[in-house]
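No value in this document is a laboratory result; all are computed from the given coordinates. Being a predicted model, the structure only gives us computed values, none of them experimental. Don't worry about glycine lacking a Cβ; one is built from the backbone with ideal geometry, like all the others, and counts go over all protein chains shown.
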Amino acid sequence: NSVTYSSGHWAPFTSKLKSNHAHQLRLITLLTDDIRQEKLYFEIQPQIHLADNRIVGGEILIRWHNEHLGQVSPAEFIPLAEQTGLIYKLTDMLLEKVFQWSSSNPSALTAQTLSINISALDLVQEDFSERVENLLHRHNLPANKFTIEITETSIFQNSAIVDHNVKKLHSAGFKLAIDDFGVGYSSMQNLVSLATDELKIDQFFVMNLIADSQSQTLCRSMINLSKELNIISVAEGIESEEVLKLLQAWQCQVGQGYHLHRPMSPAKYLMLLEEKDQPLSPPTNRA
Ligand code: C2E
Ligand code: MG
Ligand code: MG
Ligand code: MG
């Protein structure tokens, strides 16, 4: 009995599937092929300055549509790519696509930045920072328009190579965001020693804001901690107006979420930037 997916829908992730070795093998085979043929693509989710609604950038989110499986969620295939070493090729492919797109669409970077998720495994590759820098230079792009998102778990590795890579990328001009903050093990020391630019509060806390007073306390603490350390606070998973209002009141700086914008195609993202950049309409004559 093979597991089939209706195309266009996220593949459900259940423990039953997880334990299904045949299914995993098939996924790995198909993923290997599609990465080799560079069939994976990306969407962009806008990031909003919460005080004035400006779009300050976008997060690059990888997407995989396979002809047999349909749409598969990165929450399912990224761990698999990490377990099998496919992640290196995947990251290279994605960076190449993002840089390629950025250099042919400079309007994406005039007033905005782009964030890219990097796996913990990428960061333990000795030559990772050099490869990223070379790739960037080949496309003639400025590093300070890009933010590298890494999860707490990657810095918790406490490895000299991770440190080397992060510092090298930093001195090249890349910004650094700690993703999914609050659910892992990173310490305040990590935030300081890695000279973090952004702290992304995990969506778990944000989504539970209304119902759960502990999440409120934790969110506020993380926002205040960022403020004290001069780090930009980013809340992800904003799904309602109530949550947005709370975060604005607490002066969280940047937000992402379905209530603001869903991840969208790069073309749509450019259109959105254009719409928002329209000059203000001239004042109407008051008769
Ligand atoms: P992440 O980096 O924390 O990305 C945020 C995830 O939250 C994205 O899921 C996004 O679509 C989703 N999201 C945004 N707003 C909302 C909201 O209001 N409600 C809900 N429920 N979800 C929201 P996505 O695209 O499925 O990605 C899942 C994870 O996969 C990412 O979490 C990231 O860890 C990983 N990932 C995605 N793209 C890449 C990539 O290019 N490379 C690597 N290494 N990992 C990636
Ligand atoms: Mg992220
Ligand atoms: Mg996150
Ligand atoms: Mg996440």
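The table that follows gives values for the structure above.
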{"read-out": "Angstrom value of the Kirkwood radius, inverse mean 1/r, which spans all Cα pairs in region 97-183", "value": "13.4 Å"}
{"read-out": "Glu198, Glu38 arranged by Cβ crowding within 10 Å, fewest neighbours leading", "value": "Glu38, Glu198"}
{"read-out": "Inter-probe distance in nm under a simple model that places probes 7 Å from Cα toward Cβ, at Glu67 and Glu228", "value": "5.7 nm"}
{"read-out": "For Arg54, residues with placed amide H under 5 Å, excluding near neighbours", "value": "His49"}
{"read-out": "Gap separating the Cα centres of region 228-258 and region 122-143, nearest whole Å", "value": "30 Å"}
{"read-out": "Signed unit charges on C-beta, dipole axis of the chain, positive-most listed residue Leu25, Ile232, Pro106", "value": "Pro106"}
{"read-out": "Region 40-122, relative contact order [Cα under 8 Å, separation at least 6], %", "value": "32 percent"}
{"read-out": "Loop sites in region 121-192: chymotrypsin sites (Phe, Trp or Tyr not before Pro), DSSP, at most 13 other Cβ within 10 Å", "value": "Tyr185"}
{"read-out": "Descending Cα extents along the principal axes, the chain, whole Å", "value": "72, 47, 46"}
{"read-out": "Estimated [θ] at 222 nm from DSSP helical runs (n ≥ 4, -39500 (n - 2.57)) normalised by residues in the chain, nearest 500", "value": "-13500 deg cm²/dmol"}
{"read-out": "Residue exposure sequence - Ile78, Ile116 - by fewest surrounding Cβ within 10 Å", "value": "Ile78, Ile116"}
{"read-out": "Length gained when the stretch Asp163-Ser103 is fully extended (0.36 nm per residue, less Cα-Cα span)", "value": "18.7 nm"}
{"read-out": "Overall Cα dimensions of region 61-115 - principal axes, largest extent first, Å", "value": "36, 23, 16"}
{"read-out": "DSSP bridge orientation in the chain - percent antiparallel, rounded to nearest 5", "value": "40 percent"}
{"read-out": "Amide H contacts under 5 Å for Leu40, placed H, 5+ residues apart", "value": "none"}
{"read-out": "Calculated from backbone phi, Karplus (6.51, -1.76, 1.60) coupling profile of region 224-229 in Hz, x at Gly/Pro", "value": "5, 4, 4, 4, 4, 8"}
{"read-out": "Relative contact order, percent, the chain [alpha-carbon distance under 8 Å, six or more residues apart]", "value": "17 percent"}
